[in-house]
Each structure stands twice: as structure tokens, then as C-alpha cells.
1. When you scan the range A:139-251 for helices (runs of 4 or more DSSP H) that lie fully inside it, which ones turn up with 2 or more residues that are among the charged types (D, E, K, R) and out of contact with any helix residue (DSSP H, G or I) (no Cβ under 8 Å at 6 or more places or on another chain)?
2. Give the range A:316-331 a look and list any residue that's farther than 17 Å from residue A:297 by Cβ, assigned to a helix (DSSP H, G or I) and not charged (D, E, K, R), or say none.
3. Restricting the first residue to the range B:316-344 and requiring it to be of a type in the set (S, T, N, Q), which pairs with a second residue that is surrounded by fewer than 21 Cβ atoms within 10 Å (Cβ to Cβ) meet a Cβ separation below 6 Å and a spacing of at least six or different chains?
4. Just checking, how many residues over the range A:85-100 are touching a Ser or Thr at 6+ places or on another chain (Cβ under 7 Å) and within 29 Å of residue A:364 (Cβ to Cβ)?
5. Counting just the residues of the range B:248-282 that are under 21 Å from residue B:146 (Cβ atoms), assigned to a loop (DSSP other than H, G, I, E, B) and among the hydroxyl-bearing types (Ser, Thr, Tyr), which one comes out nearest to the other protein chains (Cβ to nearest Cβ)?
6. Looking at the range A:229-287, which of its residues are within 12 Å of residue A:299 (Cβ to Cβ), within 9 Å of chain B (Cβ to nearest Cβ) and in contact with a Cys (Cβ under 7 Å, 6 or more places away or on another chain)?
7. Counting only residues that are touching a Phe, Trp or Tyr at 6+ places or on another chain (Cβ under 9 Å) and either among the aliphatic types (A, V, I, L, M) or part of a strand (DSSP E or B) (or both), which one in the range B:77-89 is surrounded by the fewest Cβ atoms within 10 Å (Cβ to Cβ)?
8. Tell me, which strands (runs of 3 or more DSSP E) wholly within the range B:140-247 include 1 or more residues that are more than 30 Å from residue A:130 (Cβ to Cβ)?
Amino acid sequence: MEFRSQTLENGLEIVAECNDEAYSTALGFFVKTGARDETDEIAGVSHFLEHMVFKGTPSRTADDVNREFDEMGAHYNAFTNEENTVFYAAVLPEYLDASVELLADILRPSLREDDFNTEKQVVLEEILMNEDQPPFGADDKCRALHYGSHPLGRSVLGTEASITALPVEAMRDYFQRRYSPGNIVLAGAGRIDFDQFVAAARLSCGGWQPIAAGRLRPTPEPHEAFQVIRKESATQQYAVQLTGGPNAEDTDRYPAKLLATVLGDDTGSRLYWELIDSGLAEQVSLYHHEYEGAGLFLTYMSCDPDEAAENLQRIADVYRQAQECGITSDELAQAKSKVASRVVLSGERPRGRLFALGGDWVQRRQYRSIRDDLEAVSAITLQQALSVLQRYPLTRSTTVTIGPLEEVRAPE
Amino acid sequence: MSESIYKHAFPNGLVLLAEPMSWLESVAFTFSVPAGSVDDPASRSGLASFTCEMVMRGAGERDNHHLMQDLDSLGVERGESVSDAHTRFSGATVAANLPGALALYADILRRPHLPAEQLEAARQVLIQELRAVEDEPSQKVMIELRRRHFPDPWGRPSHGEMEAVQQTSLDDVRGYFTRRYRPNGAILGVAGRFDWEALKDLVGQLLGDWQPQPADEPVEGSPGKKYEHLPFDSNQTQIAIAYPSAPYRHPDYYRAWGGVGVLSGGMSSRLFTEVREKRGLCYSVYASYHTLLDRGAVFCYAGTTAQRAQETLDVMLGELARLAKGVEPHELARLKARIKSALIMQQESSSARSSSIGRDWYYLGCVRTLEEINRRVDELTCQGINQYLEEHPPADFTVVTLGPSELEVPVGVS
């Protein structure tokens, strides 16, 4: 494994973890733009634009794009979140040049109006689908409540109204402002000849014109709240709970992840024993999620409505107990073996490495090998995990619960 | 590609299959026990799932907590699932931890406590799962499609029915465990980094003296209605269509599968292009292949706004009719490219291989290497696929819709 990086004259950063032993190559353009870079008028444009990127360029129709990816046998897709829009493909090594060229070309899309109108229907279907399935938008609502007017409170999909009203010109303008080479990282993992990778990128992306594309970074001022939303047709009751956590630049993010594993991993954690093993809830989990300049602990729970209030109280009790009495070294050691095993397993596929590599670079401009991650996890002390709990108490949260209940008692 | 797959049949019927992938750090295993949903007694649907939930609640010298702790300490990423024919216990971890993990699973399969005091908790887990499906329309419609398309017991959902789960007793679970958790018909697939001789010896020590039990065959009922609409309060209507196709073990399988690959798979496939890309009718649309031992089926799905559901159904049925007229060489070429790269990429996943080799053994009584699958796909021709499609055009549809209003299913289609 060898890490290489280079920056083109126009600011496009290229990073790769080259592994001669790998069978495949994974590559992706990480565009540093997402819901947090939007305003009310263009809510959902980042995600809609992600769809439009596949709809053709001056030299390719939408059909050409799909066909050419499939001709390479590429496994490809894209996703958008609050901070990034990522376009990626896993291919056989002989398609390195062709896949760089194709991905690079679609990153300069035509954004034709008729394609825009057809694809708008698909995005609206995605929004409606999302409203039909758990947690019925409660995740977005909780984030909005937690962050208030801070940009991280914005919805990735936008709303039916904002997407319906969005004109194509607004998307073109957003594209011009955000898809600047200096705001994009091209990452690769697996079997890659780095010099060839850079040459291919230079050929396809070297002519992209740079524009300053910054990002507002106001300090979040999280709110505490408890909200009940009624959805009569739902069978189960769902709850999303957010509290602050270490951000992407914070070295406490490793202890935070171990802490979340101890308390709320989907098997063998404290919440698992309290709620899942006992059959009191269908699902419960605690995750740590990191953004630029902000971090979250996210608790998710679904259960029979009859148990909802008591389950929320049980979760609060688990957190209060951890807050007051801490966690044990045995629990920490067990969490470390779980996390280490996951790092090794996900790292075996170039696709798994691509997201780790691209994420590290986009968030921190830092390369971390599998070995670095394993060592960092292994070095975490009980004291570090406990200090995260002191800095970010899990007991003060923003909670949204959705389901058939009209009222739910807030936990004490 | 790896050419060798080790195989050893123990005298008690257990088959051990192992594919070396020495370039990986990990090893994955899948135990398939002949305890599927088809083996649930008629009044006790969900019993295989109930039993699976119970065997994980303490085994050998470990109680519930210790068992889970020890699996976690070995870094075993695990999962259990119940299919029509099997209960599967799968796991993956770093190579050095394989012996410890297999020993824990030998306890789970042979010496579970099936503790009386945990019966109600296990029942609640199953009830929660049943309730959760009610909130997942896209999942629910496919469960209802399968139930109507395949005759009972092959179409049963693995998680059972509410009433049966509520009535299941500890004796039911213990009786089912005694009859169905047995070495004859069980398959252990291992893939990744391991030493074959050591593995074979270890499995022999752990499971070689496991006693076989008599096997029986399920009794087949009849399939359900050809079209049914299930009212559901939602924005979108879920559309599900099934039709019969060749099973995996049939000589026609690859030709039949080739046609489905042109229909769905890759964004240039017909369903994606016609339903989503050209018309913007939905976000999600696909067709997938489902195989049993002696029959197969293609299941198609789309979820779309109620007002556009009829058009979506019509376009989907139109594409199924067009498929019968044959596929084009450029479509087949793309399918081959996709499969070739998927097969090569499978070599990067021990988990994918450990479950594939077990499935092959169950359906075929042998294991196809990636090399062999690649050769069979390479040998496909348009002429071969089109001949199959001409002789077996998509027909005899089962249709289920779920949403605010019923759709018109054209006469002669169902």
C-alpha cells in the first residue's frame, strides 16, 4: 500500500492509496457541497444536481452515460449528504483511464431543461417515498430542531414545494459556484498506477476553471427540545434523538465512536441489552456523526407505541448511568475488538477504502492507513472515553418522536 | 481466479466447503442448517425464526451475555437469517479468530440452552419485527407477492404470522430444534484465509459426532390469487409482479437469467431506462431472480405516486412483453461486462464467497468456481437467450399492488 497525492494547477486535489494486490479499482469525485451550502430558495438543489450529473454532457446523452458505465461493467453510484456530493465507480483496473474520463465528463453536465423537468419527477418520487417509510422524515425534522437556523439543520432532499418551484437557472448558478476544481477531491483506492491516474485526471479536468467556493461555518448553538409528531397510519412509534459530539477536526472523535459502540452498538451494547434482547424495542442504536465544525450523537429507536414513553425513559436512564458511573475497561476492550474487526473487513474492498480515504481527505486533508486507524483505536484510554461524556453529556437532547401516538411523555 | 474449492463430507451428513482466498486477512463462514420457513408447522408459522432467536440466547457453558461478549471479543461480524430452506448463521472476522468462533457456533447449533425465562423476550423480538414490516410498504408488497406466487409452504414469509408467534410455546421451540438442527442437510461454507487440514480437523472435532435426525418433505398447497390490491394509506403505490422462470439447477438457467439481466441490472437496463430515465415515473424499479430447488421466478418492483401508478404498471408489463421478442447483442455485451467485473470483485469479499458456495451446494450438489461461472456467462449468446424467451415468454403473472387505490390489470395478463 502506498499513499500518493498531487494537486493540479487549477486546485483539483488527487489522492490515492495504491495497492498492487487488489483485484479492482475504486475511484470517486468528492465535491465539497451539500445541504449546508444551500438557502431556502434552493433547498434540495445539491441532491437534485447529483441526479442531473448523470443526465448528459455536451458530448454525451443521458443514455450514453448509463450505457458507457455499464459497458465497463462499472459498479457506480452517487450520494449527497449535508456536506458532500460523491460520485464513484468500482471498475476493473484496465478501465482506469476510461472511468476517470467518464466521471470527469459528467461532472461538467449540460443541465438541459427537458432533462431537468423529467428528473424533477424522479426526485419528487424520492421525497414521497421517503415520507412513506420510517422514520417518515423525523430524522430531518430532528436535525432542523437541533440546529435551528444553522446550515446543518437543512434537509438533503428538500421539500416537495422547494423542488417543484426550483428553476433550472438556479441549479446552473449553484453548479457554477460549487463545482469548482478547488472544491473537489478525486480519490482512488485499489490497483492504481498513480502517474497514470494523474495524467488521466489532468487530461479530463485540467481545463476546469477555478472559482472561489467557500463555506459558511457559523458556530452551532444546539437547542434542546422534545416534539411529538402524529402519523396515524404508522404501526410502530419512532424516535430520533440528537446531542452534540466531537466534530470532524476533533481528536476526541475516536473515543466518541468507541463510546457509542459501548452504549449503543446494534449488538452487545448497553442499549441492546436493555431494549433489544428484552424485546422492548425493534431497533435501537447510538452513532457518532461528524461534520465540519460540528458533531452529533444520534440515537434511533423504533418500538410498539405502548412502550414508547417507557423506552425513552430507559434510554435516558442508560445515558444517565453512564454519565454518573462511566463505562468499564472490559466494555471498552470489547468495543475495540469490534471496531478493529470492522476496519479490517471493510478495508478489504477498494470500495471500502475509497470512502475512508476520500472522507479523511475532504474533512481533514489527512491520510490514514488501516494500520493508523487500528493503532488509534487501540490507544484510546478509558479516561478519554469518559472525558467525551463530560464534554458532551448524552442526557441533554433534541428528540422527535413520530408514530400513531398523539402524546408521548418526555423522559426525566 | 481461485480454481480450487475444498470439500469434505462427514459421515453424519455435514458438508464442509472451503474456498481459499489467501490474499485476504479475513475469513468468513456460513452455517446453513436445514431449518427453513417451509419446515414451520402449519399452525406455527415463524417457528424457524423463533428457534433461531432462542438458540442465540445462551449455549454450552455460556449464558446469553457471555455468548455475545465472547463473539464480540473475537470481532465476529455476525448475522442470522431464515430462508425458505435454511436457517443461516454467518460471521466474518480476522483469520486468527476462526477456531474460537467456530467453537462458539458449535455450541449454538448443538447445545443451546433454549432458556424458559427468555421465551417471552424472544417472542417480543419476533412481534416487533412483524409490526415493523407494516411500516415498510416496499418490503411488505414483495412479501405479499411471494406469498401469492409460490404455493405454500414455499411462499411463506420467514417471520411468520402474528397469531402463530403469539401461541408458540417452549415445547414447540425445543421440538423444532431437536428435529431440524441436524448435520444431515447442513452445510458449512468457509472462505478467506485458513489452513484446510487444520480447518477440516477442527470441524470434525466440533461437529463430527453430531447425530443425524430423520428428514421429511414439506407438503405443498396451492398458490394465491393472481391479482390483489392491498389498501394502504401512503403517497406512493407499490407495484409487484412475478412470473415463473427456470430454477438455478435447470440447464436453461443461464439463458433465462440473461434475459432478466437485460431487463434489470445496470442503469442502461430496460426497466430503469423506460420507467425511470425516460418517463420519470419512479425512484426505484427493478427485477430480480428468485430460485427454489425445483422452480424459479422473476419478481419485479416499482414504487410510484398513486396518480402515475397505472401508467407505471402498463409500462412494466409492456417491457415484459417486449422482452419476449428478444434481446440485442449490445445489451448482452453490457451484461457480460458487468458480470465479469462482479465476479472478479467477489474475490475481494470472503463473506460473499462463503455464502455463495453454500448456496451452490444446496441447489446443485456441487460448487461452481468463479472461473466456471465466468465461462458459462461467456458462452451465452443472443440466439440462445432469445430462443429461451420465445419458448418461455414472461407470462402467468401474479400482481400485487399496495397503496391508496386499485389498478387495472389487463385481461389475459393475469
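The values are calculated or read from the model by the stated rules, or taken from the named source; none is laboratory data. Since the model is a prediction, treat every value here as computed from it, not as a measurement. Heads up, the Cβs are rebuilt from the backbone with ideal geometry, glycines too, and the neighbour counts pull from every protein chain shown.
1. By residue number, A:168-178, A:194-205.
2. A:325, A:329, listed by residue number.
3. Once the first residue is of a type in the set (S, T, N, Q) and sits in the range B:316-344, its partners that are surrounded by fewer than 21 Cβ atoms within 10 Å (Cβ to Cβ) give B:341/A:92.
4. Filtering the range A:85-100 for residues touching a Ser or Thr at 6+ places or on another chain (Cβ under 7 Å) gives A:85, A:89-93, A:96, A:100.
Restricting the remaining residues to those that are within 29 Å of residue A:364 (Cβ to Cβ) gives A:85, A:89-91, A:93, A:96, A:100.
Residues in the range A:85-100 being touching a Ser or Thr at 6+ places or on another chain (Cβ under 7 Å) and within 29 Å of residue A:364 (Cβ to Cβ): 7 in total.
5. Only one residue fits best here, namely B:264.
6. Listed by number, the list holds a single entry, A:281.
7. Here is the first cut: in the range B:77-89, the ones touching a Phe, Trp or Tyr at 6+ places or on another chain (Cβ under 9 Å) are B:78-81, B:84-89.
Keeping just the survivors that are either among the aliphatic types (A, V, I, L, M) or part of a strand (DSSP E or B) (or both) gives B:78-81, B:85, B:87-89.
Values: B:78: 19, B:79: 12, B:80: 16, B:81: 14, B:85: 23, B:87: 26, B:88: 22, B:89: 21.
Selected residue: B:79.
8. On the way: elements: B:187-192, B:227-231, B:236-245.
Once the strands (runs of 3 or more DSSP E) in the range B:140-247 are filtered for at least 1 residues that are more than 30 Å from residue A:130 (Cβ to Cβ), what remains is B:187-192, B:236-245.
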